[in-house]
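Supplied in structure tokens, the structure appears directly below.
The values are calculated or read from the model by the stated rules, or taken from the named source; none is laboratory data. Source: prediction; values computed, not measured. Backbone-built Cβ (ideal geometry, glycine too); neighbour counts: all protein chains shown.
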Amino acid sequence: MKFLLNLLLILSLNFCQLQADDVYVATNGFKDGYITLYDTLTNTTSLFKKLPSFVINKIAVNPTGTLLYVLGNKTIRIYDTGTSQLKKEIITNLTSRSIVFNPGGTKAYVNMEGPDQQGNPQKKIVLGILDTSSNDIENYIDIYQNITGANAGGITITQGGQSVYLIYQSFIDSLTNLVKFNTISNTINTTKLDATGFEIVALPDNKTLYIPVTRQPPSTETFIAVFNAENNTRESNINLNFYTTQIAANPNPNIPIVYLPYSDIDDNGYIALVDTRTKAINSFTHIDVNSPAVNPSGDRLYTFTSDPFSLPNTVIIDNLTANPNTITPSTPLSFKVITPDFSTIVNISIAEKGGKVGVLPPRHLKNKIIKNRFLTQTDIVNHLTWKASLDPSVSSYFVYRDDEFIISIPSTSILEFNDHNRKPGKEYIYSLIAVNE
């Protein structure tokens, strides 16, 4: 008896998911604001938006990466990240200094400063609560008001979203106040610090706050004030031997590191890495850095450099996955910001997106029909063989018959597959792809 099988063999190019970043970089020129967009997937830089006669105080991408919020002196502008078009402008008549979103992205909280009812500037601190579905500020919470005034600082939120923490500096004593706003009960609790600071971060443990602060002269001691958000108590200080006002926390709980840029008396740039478990500090010589920001996955650190030879301002990328306890800047520097010379640095905000990257297919897929004759039947076997992909990242090969997944073959195994019990006279379509996941 003669056995006939119609076979079609296909080698397929596989596309695997690759996490990439959209990096938004804000700077201010002489009188205009500029926002640069860097796409890490395509390695391209473009001018996302020029804002004529607009001073940018801070930018932030919402958790879904669809909207970019731009904080100004009297308004908040909201741009569509896909089209860069203005979707809405919120008139606040207050200066918006910092913004944070709850984990679901349904609410945004804005730390503001502004005039009192008599129009005197910088007389009160206000927490704005923004509904992101309508992009309207649904409530203004008065935090502090005094005739001498105050400056609004940073803002953060515990990952559970129950408590918002903001800081402000009172002009009465120049000390920083930590304010806890309970988003469920709408209650406020204020703690006065014994030093001055401008930024605050919440660690991914959902309970710890870090605030870099400096004591008033003649002490000038700089340290990180560590607060327990669960019981609203100050746990400890982490003493620093350098002055800094900036801090960024890694959101990945498996990388317990915060990053603090600083310069020594000779203006040499450094960045300090603090292990949040042991409170140990490691400093590494680095180019001058400013405004560090970590992407949501915690594997990349972005920061400005103020190196005069790289004007206009340049952003560098540090890969944190190789060794989280060290900083190795990209070489050459990653990309230049689209902005006028001698512009001022504002901040960086990052949205992660899923991209696709091709994996090279296997080679020379072949088939041989094998007939194993037994007493009562014959087993028809399609014996598939192939050569390895030239892509060194490939970990396995997926075999499909008639678009149905059959088996995964590890790349370290013999590259073959025996498909038993095939029927004579039937057409079979086999496809083979290489995967690196």
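Look through region 132-152, keep the residues that are of a type in the set (A, V, I, L, M, F, W, C) and in a strand (DSSP E or B), and return whichever of them is surrounded by the fewest Cβ atoms within 10 Å (Cβ to Cβ). Even if it seems obvious, please write down each step before you answer.
Keep residues of region 132-152 that are of a type in the set (A, V, I, L, M, F, W, C), which gives 137, 141, 143, 147, 150, 152.
From what's left, in a strand (DSSP E or B): 137, 141, 143, 150, 152.
Details: 137: 19, 141: 16, 143: 21, 150: 21, 152: 28.
Within region 132-152, the match that is surrounded by the fewest Cβ atoms within 10 Å (Cβ to Cβ) is 141.
Ok, one more. Restricting attention to region 264-283, and to residues there that are among the polar types (S, T, N, Q) and closer than 18 Å to residue 301 by Cβ, which single residue is surrounded by the fewest Cβ atoms within 10 Å (Cβ to Cβ)?
Across region 264-283, the extreme among qualifying residues is 282.
In this structure, is residue 206 at pLDDT below 90 and surrounded by fewer than 21 Cβ atoms within 10 Å (Cβ to Cβ)?
yes
Please go through region 223-251 and give me each residue that is of a type in the set (S, T, N, Q) and touching a residue at least 24 places away in the same chain (Cβ under 8 Å), ordered by number.
Hits for region 223-251 are 232, 236, 244, 245, 246, 250.
Could I ask something else about it? All but one of (1) farther than 26 Å from residue 249 by Cβ; (2) out of contact with any strand residue (DSSP E or B) (no Cβ under 8 Å at 6 or more places or on another chain) hold for residue 137; which doesn't?
If we test residue 137 against (1) farther than 26 Å from residue 249 by Cβ; (2) out of contact with any strand residue (DSSP E or B) (no Cβ under 8 Å at 6 or more places or on another chain), just (2) comes out false.
Consider region 285-336. How many of its residues are part of a strand (DSSP E or B) and modelled with pLDDT of 70 or more?
Summing the residues that are part of a strand (DSSP E or B) and modelled with pLDDT of 70 or more in region 285-336 gives 21.
If you take the residues of region 398-421 that are surrounded by fewer than 17 Cβ atoms within 10 Å (Cβ to Cβ) and not in a strand (DSSP E or B), which of them is modelled with the lowest pLDDT?
403
Just name the residue that is nearest to the chain's Cα centre (by Cα) out of those in region 373-396 that are modelled with pLDDT under 85 and not in a loop (DSSP other than H, G, I, E, B).
Top of the filtered list is 396.
For region 158-184, enumerate the residues that are part of a loop (DSSP other than H, G, I, E, B) and not acidic (Asp, Glu).
158, 159, 160, 161, 162, 171, 172, 174, 175, 183, 184
Another question, then. Picking from 212, 218, 261, which residue would you name as being buried (at least 20 other Cβ atoms within 10 Å of the Cβ), over 19 Å from the mean Cα position of the chain (by Cα) and in the same structural domain as residue 158 (by TED's automatic domain parsing)?
212
While we're here: When the residues of region 71-128 are filtered to those that are over 24 Å from residue 161 (Cβ atoms) and among the hydroxyl-bearing types (Ser, Thr, Tyr), which remaining residue is surrounded by the most Cβ atoms within 10 Å (Cβ to Cβ)?
79
Another question, then. Quick check on region 60-72. Is at least one of its residues over 25 Å from residue 301 (Cα atoms) and in contact with a strand residue (DSSP E or B) (Cβ under 8 Å, 6 or more places away or on another chain)?
The answer is yes; a qualifying residue exists.
Same structure again: Considering only residues that are over 12 Å from residue 430 (Cβ atoms) and of a type in the set (Lys, Arg), look in region 364-397 and name the one that is surrounded by the fewest Cβ atoms within 10 Å (Cβ to Cβ).
373
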